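The values are calculated or read from the model by the stated rules, or taken from the named source; none is laboratory data. Being a predicted model, the structure only gives us computed values, none of them experimental. Counting neighbours? That spans all protein chains shown, and the Cβs are built from the backbone with ideal geometry, glycine included. Only protein heavy atoms, including side chains, enter the accessible area calculation; ligands, DNA and RNA are left aside. Shrake-Rupley method; radii C 1.70, N 1.55, O 1.52, S 1.80 Å.
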Amino acid sequence: MNAPSHSLSALAGARIVNGLSVDVEDWFQVGAFEDVIARDEWDSISTRVADNVYRVIDLLAEADVRGTFFTLGWVAKRHPNMIRRIADAGHEVASHGYDHARVFTFDRKAFAEDIRKARQTIEDCAGVKVSGYRAPSFSIDHRTPWAFAELAEQDYAYSSSVAPVVHDHYGWPEAPRFAFRPLAGSSLIELPVTTAMLGGRRVAAGGGGFFRVLPYAFSRWAIRQVNRVEGRPAVFYFHPWEVDPDQPRVPNASMRSRLRHYTGLARMAGKLSDLVHEFRWGRMDEVAAAEQARADAMPVPAVLTGIAA
């Protein structure tokens, strides 16, 4: 007797390895506080990123999970031992740019220098090749498609820099939801952060503040939809500062920024533990390799037609 189709889809979903990623930046480097904490103040602020990264490494080790740590070059330069510990634990070390400047604040020449500087700094610390990139605040969008050409020029293997959803802080809703080739004639692959479909609309479901604020059941539903119904890996992200409920408060930030940043911090570690035990997770470079054939079968998205490698 054949197994019911819903049972087969559940089994297929259970075999999928999802991409787990950590955007390594300190609590004062986030977009929510960029209007009240200037970059030239960063060196005078007490850092908490290393202790939080070590806590994340321990949490993932308890579940025997490996992931990708997209790291700012600024952080790597100041915490080389932390970067080596990430790599020694079996995680992928990848680039998050140098100092969290969004891609749309650069022209192509300045972007090229930023990703070159960040990569060199991180590789010097980690002792391993960096092949992946994530734009700060998912800031590759309709304004910056040329960024893909620069990433290809610098021989990055993949990017995970697109949020294919409407959001007040980022987003490229016209972009594909799953892995795609942004450039004809290039092996570069883009792995967008996960969205789910709800009532015919795309909704953000790939981690960050949504994971902290919404009930865990929402993320379970969304990842099951992506794995079991659509047969694709989810791409999930979070930050080390999100497991640090004791971090300093920024009283002069707007109420909206404070709510966005601090809500749910005390529950985050427990929710992450549930997540990494319930689903299968791996490094982003492994997900990129697994998605190559599907990306090859897709034409370059219409929103990117005409961008030369």
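Condition check for residue 13 on (1) open to solvent by less than 10 Å² (accessible area, probe 1.4 Å); (2) in contact with a Gly (Cβ under 7 Å, 6 or more places away or on another chain); (3) at pLDDT below 95: one failure, at (2). State whether one or more residues within the range 17-38 are over 20 Å from the mean Cα position of the chain (by Cα), at pLDDT below 95 and assigned to a helix (DSSP H, G or I). For the range 17-38, residues over 20 Å from the mean Cα position of the chain (by Cα), at pLDDT below 95 and assigned to a helix (DSSP H, G or I): absent. Looking only at the range 151-174, residues that are over 21 Å from residue 20 (Cα atoms) and modelled with pLDDT of 95 or more come to 5 in all. Restricting the range 216-227 to residues that are closer than 19 Å to residue 200 by Cβ and not aromatic (Phe, Trp, Tyr), the residue that is most open to solvent (accessible area, probe 1.4 Å) is 224. State whether one or more residues within the range 203-213 are open to solvent by 60 Å² or more (accessible area, probe 1.4 Å) and β-branched (Val, Ile, Thr). Yes - at least one qualifying residue is present in the range 203-213. Cβ-Cβ distances below 9 Å connect the following pairs, each with a first residue in the range 280-309 that is under 19 Å from residue 147 (Cα atoms) and open to solvent by less than 40 Å² (accessible area, probe 1.4 Å), a second residue that is at pLDDT below 95 and acidic (Asp, Glu), and a separation of six or more residues or different chains: 301/174.
The single condition among (1) crowded, with 16+ Cβ neighbours inside 10 Å; (2) assigned to a loop (DSSP other than H, G, I, E, B); (3) acidic (Asp, Glu) that residue 150 does not satisfy is (2). Whether a residue is assigned to a loop (DSSP other than H, G, I, E, B) and open to solvent by 50 Å² or more (accessible area, probe 1.4 Å) was assessed, and residue 143 passes this test. Cβ-Cβ contacts under 6 Å between residues 6 or more apart (or on different chains), taken from a first residue in the range 177-199 that is over 24 Å from residue 220 (Cα atoms) and among the small types (Gly, Ala, Ser) to a second residue that is part of a loop (DSSP other than H, G, I, E, B) and open to solvent by 20 Å² or more (accessible area, probe 1.4 Å), are listed as 184/300; 185/309; 186/309.
Condition check ((1) part of a helix (DSSP H, G or I); (2) of a type in the set (A, V, I, L, M, F, W, C)) across all residues:
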residue: 42; (1), (2): yes, yes
residue: 82; (1), (2): yes, yes
residue: 93; (1), (2): no, yes
residue: 99; (1), (2): no, no
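Looking across the range 255-299 at every residue that is at pLDDT 95 or above and among the hydroxyl-bearing types (Ser, Thr, Tyr), the one that is farthest from residue 224 (Cα to Cα) is identified as 262.
Out of 99, 124, report the one residue that is acidic (Asp, Glu), more than 20 Å from residue 237 (Cα to Cα) and either surrounded by fewer than 23 Cβ atoms within 10 Å (Cβ to Cβ) or at pLDDT below 95 (or both). Please lay out each step first, then the result.
Numbers: 99 fails: more than 20 Å from residue 237 (Cα to Cα).
Just a single option satisfies the conditions, and that option is 124.
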